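The values are calculated or read from the model by the stated rules, or taken from the named source; none is laboratory data. The model shown is predicted, which means the values in this text are computed figures rather than measured ones. All Cβ positions, glycine included, derive from the backbone under ideal geometry; neighbour counts span all protein chains shown.
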Amino acid sequence: MTFDIGRKADFSETRVESKSVYDGKILNLRVDRVRLTDGRLVSREVVEHRPAVVILAENDDESVALVRQYRYAAGETLFELPAGLAEPSEDIAESAVRELREEVGLRPSRVEKVAEFYTSPGFTDEIISMFYATGLSPDRLPLDDDELLVAGFASRGEIEDLLRAGSIKDCKTLFGLHWWLNKLNARS
C-alpha cells in the first residue's frame, strides 16, 4: 500500500456540543460530541492548555543548558531544556527569554524561533514554540514559587551519551536536542 501524501481528503470534525468538565490554572478539560465526515457522532476529550515555550540555549563552547527537576505527573526527575508557559501579556519570544532567565539565570542576545509543535494532538491543543538562544550573559529572575530545579550545561558528547542511554524522556527536550545535533552536523 502506498500513501499519497499530496492527496487532499477532508477528515474534519464538526463540534455538535461541548461540555466543560474542569477549569484550572494551566489547563481546562472539556468533552465534545463531534460529527465525522461520514455522519457518525463520537466523543472527544480535549485538554485545553496555555501555549508554552522551550529554549535551546547554546553557550559559546557549543554546550547546551539543561535543567533537572522532579515532575510529579511522571513520578521522576527529568533532564529538560528550559521551558515554561507563555504569559498572555507577553510576546512569545519574550516568554522564552523570561523562562531562560528564571530557570538558568541567563539572558540571550539572540533568540530565533525554530519550530512550533503540538505536544499530543490526540487529546490536547497545547502548542509549544521552540527557540534557539545564543549570546548568553548572566541575568537571573526568581524561579516560580512552585519550582525546584538545578541548571547546568552539557557538552555535545554528554548530550549524545544521555540520548544513547535513554536518559532524556521529555519529548520537547528530545526534539530540541536532535534538532541541535543536526544543526551541529550541518556546521561541520
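Looking only at residues in the range 16-32 that are surrounded by fewer than 11 Cβ atoms within 10 Å (Cβ to Cβ) and among the charged types (D, E, K, R), which one is farthest from the chain's Cα centre (by Cα)? Here the answer is E17. So which residues in the range 18-42 are in contact with a strand residue (DSSP E or B) (Cβ under 8 Å, 6 or more places away or on another chain) and farther than 29 Å from A86 by Cα? Within the range 18-42, R33, V34, R35, L36, L41, V42 meet the criteria. The residues in the range 159-173 that are over 11 Å from L81 (Cα atoms) and either touching a strand residue (DSSP E or B) at 6+ places or on another chain (Cβ under 8 Å) or modelled with pLDDT under 95 (or both) can be counted, and the count is 4. Total residues in the range 166-188 satisfying the condition of being among the small types (G, A, S) and surrounded by 15 or more Cβ atoms within 10 Å (Cβ to Cβ): the figure is 1.
Of L136, L141, L177, L148, all but one fail to be assigned by TED's automatic domain parsing to the domain that holds T77 and part of a helix (DSSP H, G or I); the exception is L177.
Among residues of the range 120-165 being free of Cβ contacts under 8 Å to residues at least 60 places away in the same chain and polar (S, T, N, Q), the one that is surrounded by the fewest Cβ atoms within 10 Å (Cβ to Cβ) is S137. The residue that is farthest from the chain's Cα centre (by Cα), among those in the range 61-91 that are among the acidic types (D, E) and under 25 Å from S167 (Cβ atoms), is D61. Starting from residues that are of a type in the set (G, A, S) and under 12 Å from A133 (Cα atoms), keep the ones in the range 83-103 and report whichever is surrounded by the fewest Cβ atoms within 10 Å (Cβ to Cβ). The qualifying residue surrounded by the fewest Cβ atoms within 10 Å (Cβ to Cβ) is A93.
Inside the range 60-82, residues that are over 15 Å from I168 (Cα atoms) and either of a type outside the set (S, T, N, Q) or surrounded by fewer than 16 Cβ atoms within 10 Å (Cβ to Cβ) (or both) make up a count of 5. Can you tell me which residue in the range 33-52 is nearest to E17 (Cα to Cα), limited to those that are surrounded by fewer than 16 Cβ atoms within 10 Å (Cβ to Cβ) and of a type in the set (D, E)? Per the stated criteria, the residue is E45. Going by what's in this entry, would F117 be described as within 30 Å of L29 (Cα to Cα), touching a residue at least 40 places away in the same chain (Cβ under 8 Å), aromatic (F, W, Y) and in a strand (DSSP E or B)? Against the criterion (within 30 Å of L29 (Cα to Cα), touching a residue at least 40 places away in the same chain (Cβ under 8 Å), aromatic (F, W, Y) and in a strand (DSSP E or B)), F117 qualifies.
Taking (1) in contact with a strand residue (DSSP E or B) (Cβ under 7 Å, 6 or more places away or on another chain); (2) more than 25 Å from N182 (Cβ to Cβ); (3) of a type outside the set (S, T, Y); (4) not in a loop (DSSP other than H, G, I, E, B) in turn, G84 satisfies each apart from (2).
The single condition from (1) at pLDDT 95 or above; (2) polar (S, T, N, Q); (3) touching a Phe, Trp or Tyr at 6+ places or on another chain (Cβ under 9 Å) that S43 fails is (3).
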